[in-house]
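The values are calculated or read from the model by the stated rules, or taken from the named source; none is laboratory data. It should be emphasised that the depicted structure is a prediction, and the values quoted were computed from it without experimental measurement. Using ideal geometry, Cβ is built from the backbone for each residue, glycine included, and neighbour counts are taken over all protein chains shown.
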Amino acid sequence: MATRVPGPLTGTAAPAVAAVEGLTRRFGERTVLDRLDLEITRGEFIALLGRSGSGKSTLLRALAGLDDEAEGGLSVTGSVAVAFQEPRLVPWKRVHANVTLGLAVPDAKDRADAALAEVGLTERAGAWPLTLSGGEAQRASLARALVRDPDLLLLDEPFSALDALTRITIHQLVLHLWSVHRPAVLLVTHDVDEALLLADRVLVLDRGCIAHESAVPAPRPRHRDHPDLVSLRTTLLAALGVSPEGTT
């Protein structure tokens, strides 16, 4: 079992919201995370890339406190919120009630009102989840995370099921919310372009370890054809075992 402690494990100048040292997770004979080290500093936006089965979601679950079987050192400072690939809204509760679900604070209603306004869902607060579009459901999921004012926001492929135009809109919304609230963000994604457009730092996970790490030098707002992004995209694809021609 990973040892969870209340503060950073390392002594860097920038405060660490989360840090892992030697994190290992096994499923039977298979090692998914292999003595992994990672530090996430306050306010930074990290994208985590990797092939299916590389351990991305396993790492996210460990950071979220949803996996008691991981071994090694794990430190999380402050509150954590998660938005998953599926919005996971409770179908028998209206949107507003979904946002406040499990939130035991006196001003829960006011917080939910503010969060729904930020994601553009004020007029849908009384709607049933099954009446929401895919984009609206993900907005509600983001509002449910934001209402907890997290120090660490974990995003587990929350855009993968959205159509291209809705994804662009939600990307812009996430960047806006991040710029306002400044949580540390760890985004798990399969999409190299998505990682480059959103993150400050991109990690590639392979065989349970961080196999590659790159800072993203281009200023925001970013465009795919920015020379620095074009070059870094090639580097990241190579780290994922994909050639420029698309063969592996």
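Restricting Leu146, Leu142, Leu121 to residues that are within 18 Å of Pro91 (Cα to Cα), surrounded by 15 or more Cβ atoms within 10 Å (Cβ to Cβ), touching an Asp or Glu at 6+ places or on another chain (Cβ under 7 Å) and not hydroxyl-bearing (Ser, Thr, Tyr) narrows the list to Leu121.
Step by step: first the residues of the stretch 40-64, then only those that are assigned to a helix (DSSP H, G or I) and among the charged types (D, E, K, R), then the one that is surrounded by the most Cβ atoms within 10 Å (Cβ to Cβ). Which residue is that?
Among them, the one singled out is Lys56.
Within the stretch 184-202, the only residue that satisfies the criterion of being within 12 Å of Ser54 (Cα to Cα) and either among the hydrophobic types (A, V, I, L, M, F, W, C) or modelled with pLDDT of 95 or more (or both) is Val188. Residue check: Lys109 meets all listed conditions (1) farther than 16 Å from Leu205 by Cβ; (2) touching a strand residue (DSSP E or B) at 6+ places or on another chain (Cβ under 9 Å); (3) among the basic types (Lys, Arg); (4) free of Cβ contacts under 8 Å to residues at least 24 places away in the same chain but one, namely (2). Assess whether Arg224 counts as being of a type in the set (D, E, K, R) and surrounded by fewer than 18 Cβ atoms within 10 Å (Cβ to Cβ). For Arg224, the condition - of a type in the set (D, E, K, R) and surrounded by fewer than 18 Cβ atoms within 10 Å (Cβ to Cβ) - is met.
Residues in the stretch 179-207 that are in a helix (DSSP H, G or I), crowded, with 17+ Cβ neighbours inside 10 Å and either in contact with a Lys or Arg (Cβ under 6 Å, 6 or more places away or on another chain) or not charged (D, E, K, R) (or both): Val192, Ala195, Leu196, Leu197, Leu198. Just one of (1) crowded, with 21+ Cβ neighbours inside 10 Å; (2) part of a loop (DSSP other than H, G, I, E, B) fails for Gly126. It is (1).
Scanning the stretch 184-197 for residues that are among the charged types (D, E, K, R), touching a Phe, Trp or Tyr at 6+ places or on another chain (Cβ under 9 Å) and closer than 25 Å to Ala62 by Cβ turns up at least one hit. When the stretch 208-226 is filtered for residues that are not in a strand (DSSP E or B) and not hydrophobic (A, V, I, L, M, F, W, C), the ones remaining, listed by number, are Gly208, Pro217, Pro219, Arg220, Pro221, Arg222, His223, Arg224, Asp225, His226.
Condition check ((1) of a type in the set (Asp, Glu); (2) modelled with pLDDT under 95) across all residues:
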| residue | (1), (2) |
| --- | --- |
| Arg51 | no, yes |
| Thr58 | no, yes |
| Glu86 | yes, yes |
| Val95 | no, no |
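From the list Leu173, Leu237, Leu153, Leu232, which one is more than 23 Å from Val95 (Cβ to Cβ), crowded, with 17+ Cβ neighbours inside 10 Å, out of contact with any Phe, Trp or Tyr (no Cβ under 6 Å at 6 or more places or on another chain) and in contact (Cβ under 8 Å) with a residue 40 or more places away in the chain? Before you say what the answer is, go through the steps one by one.
Numbers: Leu173 fails: more than 23 Å from Val95 (Cβ to Cβ); Leu153 fails: more than 23 Å from Val95 (Cβ to Cβ); Leu232 fails: in contact (Cβ under 8 Å) with a residue 40 or more places away in the chain.
So the residue among Leu173, Leu237, Leu153, Leu232 that is more than 23 Å from Val95 (Cβ to Cβ), crowded, with 17+ Cβ neighbours inside 10 Å, out of contact with any Phe, Trp or Tyr (no Cβ under 6 Å at 6 or more places or on another chain) and in contact (Cβ under 8 Å) with a residue 40 or more places away in the chain is Leu237.
Filtered by the rule that a residue be under 14 Å from the mean Cα position of the chain (by Cα) and under 12 Å from His96 (Cα atoms), the stretch 132-142 gives a lone residue, Ser141. If the condition is being polar (S, T, N, Q) and out of contact with any Leu (no Cβ under 9 Å at 6 or more places or on another chain), then the stretch 24-46 contributes Thr31, Thr41. No other residue among Gly78, Gly120, Gly102 is on the phi > 0 side of the Ramachandran plot and touching a strand residue (DSSP E or B) at 6+ places or on another chain (Cβ under 7 Å) apart from Gly78.
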